[in-house]
Amino acid sequence: MEDKTITRYSVPAQLLHWLTAILVLVAFIYGPGGSEARIYSAARDADRQLHETLGVCVLTLVALRILWRAFDKRPEHPPGPRWMTLAASVVQGALYALLLGVPLTAICGAWLEGHSLTLLAGVLVPSPLPASHDLGAVIAEIHTWLGDAILWLAGAHTLAGLGHHYVLKDGVLRSMLPGRDA
Ligand code: HEM
């Protein structure tokens with residue numbers, strides 16, 4: 001819930017925010033591309049395992065973050081035009097939807113295609129779903145589009161944060177950085 005007596009997010013909320021941002025970026029960089037045979041070839045094992053493990057970590061972190069957010073206090077939006085508050089809420093809502101949707105489409109797509117999840121340290125999570133290869137391939141393709149979309153949206157969110165700091169000179173960016181509550 002919003003609380004006008006605080007100016008910063010709590011330390012756990014900040015840690016979850018920045019860790020998620022870093023993991024999404026590295027997962028994006030290691031996104032496996034190409035044909036299904038190439039993606040699941042032995043030569044691509046290391047990159048794919050890293051990508052899938054980071055993606056599963058993102059899903060876990062976002063679930064924790066949503067739970068934490070339900071009980072945590074967060075600073076109020078700064079005063080400003082209504083469109084700006086609305087735009088911030090829409091982008092943040094879409095980011096949460098993508099943080100859930102990107103890993104979930106990947107996991108469903110891979111399982112429906114008949115692949116286990118292949119995580120680091122040789123951990124395999126076999127599919128609990130009946131195979132439906134063509135549907136899985138479509139969902140895996142949607143995953144790659146959503147994976148690109150989350151980076152664009154996170155880019156817009158970053159620019160907005162920098163705009164708050166350098167143009168509007170309010171405390172929005174600082175509220176997500178370590179420091180004492182003013
Ligand atoms: C937030 C987390 C994730 C992000 C940002 C992300 C991003 C991406 C991107 C951008 C691609 C396309 C790469 C390219 O075309 O060069 C991709 C492909 C892929 N990702 Fe993810 N991903 C995430 C989580 C996951 C998870 C949890 C899995 C586990 C199954 C996974 C498995 C795959 C697979 C198998 C492909 C290849 C899909 C295909 O073309 O059939 N990803 N990912």
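The values are calculated or read from the model by the stated rules, or taken from the named source; none is laboratory data. Quantities reported herein were computed from a predicted structural model and do not represent experimental measurements. Here the Cβ is made from the backbone with ideal geometry for all residues, glycine too, and neighbour counts use every protein chain on show. Ligands, DNA and RNA are excluded from the accessible area calculation, which covers all protein heavy atoms including side chains. Shrake-Rupley method; radii C 1.70, N 1.55, O 1.52, S 1.80 Å.
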(request) Check Pro128 against each of (1) more than 12 Å from the ligand (Cβ to nearest atom); (2) assigned to a helix (DSSP H, G or I); (3) open to solvent by 70 Å² or more (accessible area, probe 1.4 Å) and name the one condition it does not meet. (result) (2)
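In the set Ala154, Ala106, which member is farther than 26 Å from Ser41 by Cβ, part of a helix (DSSP H, G or I) and open to solvent by less than 40 Å² (accessible area, probe 1.4 Å)? Even if it seems obvious, please write down each step before you answer.
Details: Ala106 fails: farther than 26 Å from Ser41 by Cβ.
Every option except Ala154 fails the conditions.
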(request) Looking only at the range 65-81, decide whether some residue is open to solvent by 50 Å² or more (accessible area, probe 1.4 Å) and within 16 Å of the ligand (Cβ to nearest atom). (result) yes
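With the condition kept exactly as written, say whether any residue in the range 93-101 is away from the ligand (no atom under 16 Å from the Cβ) and either in a loop (DSSP other than H, G, I, E, B) or over 18 Å from Gly31 (Cβ atoms) (or both). So that I can check it myself, show each step before the final result.
Taking the range 93-101 as the starting set, the residues that turn out to be away from the ligand (no atom under 16 Å from the Cβ) are 93.
In the following step, the residues that additionally are either in a loop (DSSP other than H, G, I, E, B) or over 18 Å from Gly31 (Cβ atoms) (or both) were identified as 93.
Yes - at least one qualifying residue is present in the range 93-101.
For residues in the range 32-62 being of a type in the set (Ser, Thr, Tyr) and assigned to a helix (DSSP H, G or I), which is farthest from the ligand (Cβ to nearest atom)?
Within the range 32-62, the subset of a type in the set (Ser, Thr, Tyr) is 35, 40-41, 53, 60.
From what is left, the residues that are assigned to a helix (DSSP H, G or I) are 53, 60.
Working: Thr53: 8, Thr60: 10 Å.
Among them, the one singled out is Thr60.
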(request) Looking at (1) more than 19 Å from Thr105 (Cβ to Cβ); (2) surrounded by 13 or more Cβ atoms within 10 Å (Cβ to Cβ); (3) in contact (Cβ under 8 Å) with a residue 40 or more places away in the chain, find the lone condition where Arg44 falls short. (result) (3)
(message) For Ile139, only one of the following conditions fails: (1) touching a residue at least 40 places away in the same chain (Cβ under 8 Å); (2) outside any loop (DSSP other than H, G, I, E, B); (3) within 11 Å of the ligand (Cβ to nearest atom). What is its number?
(response) (1)
